[in-house]
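Trainee: Quick one: structure below, then a few questions.
The values are calculated or read from the model by the stated rules, or taken from the named source; none is laboratory data. No experiment lies behind these values; they were computed from the predicted model shown. With ideal geometry, Cβ positions are generated from the backbone for all residues, glycine too; neighbour counts draw on all protein chains shown. Ligands, DNA and RNA are stripped out before the accessible areas are found, and what is left, the full protein with its side chains, is counted by its heavy atoms. Shrake-Rupley method; radii C 1.70, N 1.55, O 1.52, S 1.80 Å.
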Amino acid sequence: MMVAASSGFSCHRAVHAASDLPLPAKPLEIAVVEGQEAVEAKVVLAGGCFWCTEAVFEQLAGVSRVESGYAGGASDQAHYEQVSAGKTQHAEVIRVTYDPAVIRYGAILRVFFGVAHDPTQVDGQGHDLGSQYRSAVFYATEQEKQVAGAYIAQLDAAGVFEKPIATRLEPLVKFFLAEDYHQDYARRHPNEPYVTGVALPKVAKVRDAFPELLKKPEESN
């Protein structure tokens, strides 16, 4: 993704207002092993521009870290210039580190499908076109795959979106951390037109649609 002029942002604007989405309230969940509730968990998600998705998840309670990166390619290296030009099979992704005792995998999926991006667009988000901007859940375990697949089926069966969900379920082979200048981009550049026009409205939609999932003021950085 490139920084766009204020007249034409390339990161996707949600088709529906998040508060209007009749999302199934209770996806299937990954069991938390007794005595291991405090163990950190990670999930890797692709939803187009990682500047936008990163900003969405950073504000959720129980989320300790969100990192922009690349996943899904066959190459043993991933760099922004190669990935953004479509020269590899990698997608722009975020890796969300969270405490499953505070926020569950299902809640993260609700935010991902409901606000973070358009899960019905094939190989792109808005004007960002190509498989590097695809929608995908990169699963690390079979249980993650089953839960995400079942939730996609729930959403499709409920007719939440006008088109079928195009989100791919892909095994997580390796996560490549993106360059330093991509990390915390929206937080570090709050006045940039791309951020104010695209990322921050998504942040606001999360606050409107999922207030129960937000960090308390003292928990925010």
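Trainee: With 20 Å as the limit, write out which pairs from Lys145/Lys174; Lys42/Lys174; Lys42/Lys215; Lys145/Lys202 have Cα-Cα distances beyond it, or answer none. Please list the in-between numbers first.
Mentor: Numbers: Lys145/Lys174 16 Å; Lys42/Lys174 13 Å; Lys42/Lys215 18 Å; Lys145/Lys202 26 Å.
Table pairs above 20 Å Cα-Cα are Lys145/Lys202.
Trainee: While we're here: What's the ranking of 68-75, 161-168, 45-52 by average number of surrounding C-beta atoms within 10 Å, highest first?
Mentor: Answer by packing, highest mean first, reads 45-52, 68-75, 161-168.
Trainee: Something else: Can you tell me the Rg and Dmax of segment 75-190, counting just the alpha carbons, in angstroms?
Mentor: Cα only, segment 75-190: 14.9, 41 Å (Rg, Dmax).
Trainee: Just read off the accessible area of Arg188 with the full protein assembly in place, 1.4 Å probe, to the nearest 10 Å².
Mentor: Using a 1.4 Å probe on the heavy atoms, I get roughly 120 Å².
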